[in-house]
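Trainee: Encoded as structure tokens, here's the structure I'll be asking about.
The values are calculated or read from the model by the stated rules, or taken from the named source; none is laboratory data. On a predicted model such as this, the values are computed, not experimentally measured, just so you know. When we count neighbours, we look across all protein chains shown, and the Cβ atoms used for this are built from the backbone with ideal geometry, even at glycine. All accessible areas refer to the heavy atoms of the entire protein, side chains included, with ligands and DNA or RNA removed. Shrake-Rupley method; radii C 1.70, N 1.55, O 1.52, S 1.80 Å.
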Amino acid sequence: MECKKGTAAMLEWRGRFLGEGILHEEDYDQALRRAEELERSGVITASEWIELVKLANAALLRLR
């Protein structure tokens, strides 16, 4: 059951923050805070959090 919660949370995060494929700095900050909340609350694992951070970094760099 926990795996399903984590998967659903990650899909929701991706849809919310990576829908356009790029992140502006304000959205990047929000994305990182949300990813941290998910990890701290135990919804996602530390390795899943790292994956989200990498995705956010790549989306921010696409803007430049």
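Trainee: Would it be correct to say that residue 53 is of a type outside the set (Gly, Ala, Ser) and not in a helix (DSSP H, G or I)?
Mentor: Working: of a type outside the set (Gly, Ala, Ser): yes; not in a helix (DSSP H, G or I): no.
So residue 53 does not fit the description; no.
Trainee: Could you give every pair whose Cβ atoms fall below 7 Å, whose first residue belongs to the range 17-46 and is modelled with pLDDT under 95, and whose second residue is loosely packed, with under 13 Cβ neighbours inside 10 Å, counting only separations of at least 6 or pairs across chains?
Mentor: What qualifies is 21/62; 22/62.
Trainee: Counting just the residues of the range 49-64 that are over 9 Å from the mean Cα position of the chain (by Cα) and open to solvent by less than 60 Å² (accessible area, probe 1.4 Å), which one comes out farthest from residue 3 (Cα to Cα)?
Mentor: Applying the filter and picking the extreme gives 60.
Trainee: Continuing with this model, one more query. Of everything in the range 19-48, what is open to solvent by less than 40 Å² (accessible area, probe 1.4 Å) and in a loop (DSSP other than H, G, I, E, B)? Give them in sequence order.
Mentor: 21, 23, 44
Trainee: Which members of the range 1-10 meet the condition of being exposed (fewer than 13 other Cβ atoms within 10 Å of the Cβ) and either small (Gly, Ala, Ser) or at pLDDT 95 or above (or both)?
Mentor: Result: 8, single match.
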